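To start, the structure under review is shown below, and the notes come after it.
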Amino acid sequence: MSPEKTADPRRRSFYRKLAYVAGICLLLFPLFVLGHPATHGTRDTPGRSGGVLAQLRNDPEHGFSQTQLGEIDMTSETFKLATLGMRGIAVQVLWAKYNKYRMQKNFSFAWDLLQQLKQLAPHFTKVWEHLAWDITYNVSVAQDDYKDKFFWVVGGAKYLKEGIALNGREPRLPRELGRFISQKVGRADETPLYRALFRDEAWFQTEGEGLPLNAGYNEQTQTREHLVLRDNWQVGKAWYREAERVLAEYHVYAPGLSRPVFYSDAPLAQMYYAMALEKDGSFDKVAEDAWHTAGRDWREFGERELPAGDEGTVRLNDYEPLVQEANECTTALDKLAPGVRDEIRGEKVAKLRSAERKALDTPADKRTEDEVRAAYEAQSRIEVTNDEVANRLAQSLRRQLRKLPRDSEEAQGMERKAKEALSLAQRAAKAQEQAKRIDRQRSIVNFAHWRLRAEVEQTRDMLDARRAIYDADQAMAGAQIAAALAGYEKGFALWRKVIDSHPALAEDSEFGYDVIEAVNRYRRARGQDEKADLPQPFILQDVLNKHEKRR
């Protein structure tokens, strides 16, 4: 091969290398502009703000800096450097080993691996969330002694609390911690033992060890501060409030986080705290005040502006005023158009099939399954809307207007009447639509039930009724049958009084369940089984009939 032909590819290779070097040099300039770090000023020289990325990182609005995510752990930073960019692989390996040791019930090794995992992934919130949940709910139940179980429940809570310190802008973690402390301690099979241990001074040690620590949320001053709390529901509520503060301060978007559920956590924790006091046998002013606070918290929750998707925001307390407005508009419309609604309904009923009319005429409690379905479909077809009434009236008035001079007083009155009817229908429709939007949000948290519960439970009659039933249960446990029967009967009489003053309580399924359970215990005290007849007339028979059928 000639020298000319061999030199050609070498020259081309050399030129390519020069082009690569030139390209690298050109790229270094934008990389420097984007990424060069900020410097601190001295007495003689001013500091520099750094490149674009450095400025974004230090901008509080973006929060890219680790110092803005939470506390910086130097041990964690050393671990991340030591993995040489393979931190993700290391996390997966350690996680697999953790699961292996946990399945083998080698919990001491598993705990050591947890400490390494948190060093490798300090800002990966799912690690903290999942592992803390696993410790609290899975590892704890694998223990035999209830104190060992409680040790791991507390261990999971402490582990998650470390994650909160390192991820101060994430509302999910304090919310999860509130859930662990309130529900795992307050609703487990071992709840009486757990609550007693939780109140024990031994679990509230130095800063960094005790559970409440900075979780305090002062209800009077509405500020965060160090409060010494001893009840698990109160501590859980404090962490829920902390989650609300983080969300309000940093506006962190949390996918899948339902705002009605999120903001109902703290008020519901207060409700459960009041119920726990009653289960512990406390029916004095402390329980009454707890229910008063629960009612206030629930009202404040109802006044909160909650996002409702593309439909803007809603307030849960606005439902009743909107329903009232819609009803008032409907009543005013029917006064403007007397008999029109019945006329339209009659026309729709005439178009129904004979089987549908028969289903509607049959009493609801005597309908067959097919008749129930037919009556439901027929009812939806014969419903008359306000728009239909207003349009029928407007059409009738317009026909009459053709026979009258346009400028006559009677014609102008008819024009005003037609416009008023259409306006009333429009206002009613708007109020009904807004009420439906709110009702959808209220149904997520069973809003009406808890509002009624807080309103009723704080009354002295209800507290005395709960005390009477509690005393009867204690007497029954001590084989004091006469005292138990007297206590149950006193409680039933007080419940009747409460129902008469709050009729909606008779429809409440949870209250109905309480009545059924108390009546069954009363039957056992009488030496009867759960299906035995009660002394007639029984004072709560209507409640039993309603809820036993539902069960």
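Table: residues versus (1) touching a residue at least 60 places away in the same chain (Cβ under 8 Å); (2) in a helix (DSSP H, G or I); (3) crowded, with 17+ Cβ neighbours inside 10 Å; (4) assigned by TED's automatic domain parsing to the domain that holds Gly491.
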site	(1), (2), (3), (4)
Val389	no, yes, yes, no
Gln395	no, yes, no, no
Ala418	no, yes, yes, no
Ala435	yes, yes, yes, no
Gln441	yes, yes, yes, no
Arg453	yes, yes, yes, no
Ala472	no, yes, yes, yes
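Yes/no matrix, rows are residues, columns are (1) under 12 Å from the mean Cα position of the chain (by Cα); (2) surrounded by 14 or more Cβ atoms within 10 Å (Cβ to Cβ):
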| residue | (1), (2) |
| --- | --- |
| Tyr240 | yes, yes |
| Val261 | yes, no |
| Ala276 | no, yes |
| Thr293 | no, yes |
| Asp297 | no, yes |
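Return yes or no: is Asn327 more than 17 Å from the chain's Cα centre (by Cα) and modelled with pLDDT of 95 or more? Spelling it out, Asn327 is indeed more than 17 Å from the chain's Cα centre (by Cα) and modelled with pLDDT of 95 or more.
With respect to Arg345, is the statement that it is surrounded by fewer than 17 Cβ atoms within 10 Å (Cβ to Cβ) and either over 30 Å from Gln324 (Cβ atoms) or over 42 Å from the mean Cα position of the chain (by Cα) (or both) true? No: the conditions fail for Arg345. Scanning region 363-384 for residues that are assigned to a loop (DSSP other than H, G, I, E, B) and exposed (fewer than 15 other Cβ atoms within 10 Å of the Cβ) turns up Pro363, Thr368, Glu383.
Scanning region 348-362 for residues that are surrounded by 11 or more Cβ atoms within 10 Å (Cβ to Cβ) and either in a helix (DSSP H, G or I) or among the hydroxyl-bearing types (Ser, Thr, Tyr) (or both) returns Lys348, Val349, Ala355, Glu356, Arg357, Lys358, Ala359, Leu360, Thr362.
Just for region 120-132: of the residues that are part of a helix (DSSP H, G or I) and crowded, with 17+ Cβ neighbours inside 10 Å, which one is modelled with the lowest pLDDT? Selected residue: Leu120.
With the condition kept exactly as written, say whether any residue in region 303-310 is within 24 Å of Gln432 (Cα to Cα), of a type in the set (D, E, K, R), loosely packed, with under 12 Cβ neighbours inside 10 Å and modelled with pLDDT under 90. Scanning region 303-310 turns up at least one residue that is within 24 Å of Gln432 (Cα to Cα), of a type in the set (D, E, K, R), loosely packed, with under 12 Cβ neighbours inside 10 Å and modelled with pLDDT under 90.
To keep it simple, each residue is scored yes or no on (1) at pLDDT 60 or above; (2) in a loop (DSSP other than H, G, I, E, B).
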| residue | (1), (2) |
| --- | --- |
| Glu4 | no, no |
| Tyr15 | yes, no |
| Leu18 | yes, no |
| Ala22 | yes, no |
| Leu27 | yes, no |
| Leu31 | yes, no |
| Leu34 | yes, no |
| Thr45 | yes, yes |
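The values are calculated or read from the model by the stated rules, or taken from the named source; none is laboratory data. Since the structure is predicted, the reported quantities are computational estimates derived from the model, not experimental observations. Every residue, glycine as well, gets a Cβ built from its backbone with ideal geometry; the counts of neighbours run over all protein chains shown.
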